[in-house]
Every structure is written in C-alpha cells, then in structure tokens.
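Report on the following structure.
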Ligand SMILES: [Zn+2]
C-alpha cells in the first residue's frame, strides 16, 4: 500500500529528528499534501494509527493540510486553482495547454517533539 510506505517514511524522518535533538516523544506531525499527489487521506490516517505503535510517535497527532491543485495556463496566461483532484483543461478558458504548479506536495511542515 502506497500510503503505508509514505507513513513509514514520515515516521522515520520524525524519529531521526527526535533522537538527533535529544527528544523522546513525538507529539504531532503536520503534513502538507497536495490534492494531485494521489494520496488517500483515510488510508493515510489508518496507516499512521497502525505504524505509530511502539514508536516515539505512539501518542502523536497527525495533522494534514490539503493543498488545492493549481496551475498556470499558457493560453490565457493566468493562474488558477481548483478543488478537484485532476485538471484536464484550464477552468478559465478551457485550453489544454497548461502546467500544474501546485497540488503534488507531500511535505512534513512541522514536528512537535518533547
Ligand atoms: Zn486558460
């Protein structure tokens, strides 16, 4: 499962950050996930609950910030942002000549440790 490997990776980074700085416990992990990243949030929360057992993050809160999909159209030269996961045409002029500039993010933005 894609989401499980993402979570293991995130926990790994969080644990390294935690021990490197002399902390023992991870209190919260804040992620920024783009809607076009293909990540299913329900599956991600589920994987997190299973993966955090017996780790310094066993009591941690997972906080996910969703980033809308945004792009820049080469036809009308405007930027746009949509609520859907996929963009097939510029919502402003209907052109297919655009680039996706936001929405594929998958970053850890904040870690709270103690
Ligand atoms: Zn356009």
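Beta carbons closer than 6 Å, at least 6 apart along the sequence or on distinct chains, pair a first residue in region 75-86 that is closer than 13 Å to residue 101 by Cα with a second that is near the ligand (Cβ under 7 Å from one of its atoms) and at pLDDT 90 or above for 78/92; 80/92. Scanning region 38-63 for residues being in a strand (DSSP E or B) and buried (at least 16 other Cβ atoms within 10 Å of the Cβ) gives a total of 1. For region 24-41, the set of residues classified as more than 17 Å from residue 105 (Cα to Cα) and at pLDDT below 95 consists of 24 only.
If you go through region 12-29 and keep only what is out of contact with any strand residue (DSSP E or B) (no Cβ under 8 Å at 6 or more places or on another chain) and in a helix (DSSP H, G or I), you end up with 12, 16, 19, 20. When 69, 100, 10 are checked against the criterion of being surrounded by 13 or more Cβ atoms within 10 Å (Cβ to Cβ), touching a residue at least 60 places away in the same chain (Cβ under 8 Å), at negative phi and within 16 Å of the ligand (Cβ to nearest atom), 100 stands alone in meeting it. I'd like the full set of residues that are within 12 Å of the ligand (Cβ to nearest atom) and either under 17 Å from the mean Cα position of the chain (by Cα) or within 14 Å of residue 67 (Cβ to Cβ) (or both), limited to region 83-97. If the condition is that a residue be within 12 Å of the ligand (Cβ to nearest atom) and either under 17 Å from the mean Cα position of the chain (by Cα) or within 14 Å of residue 67 (Cβ to Cβ) (or both), then 87 is the only one that fits.
The values are calculated or read from the model by the stated rules, or taken from the named source; none is laboratory data. Model, not experiment: these values are computed from the prediction. Cβ coordinates were reconstructed from backbone atoms using ideal geometry, including for glycine residues, and neighbour counts include every protein chain displayed.
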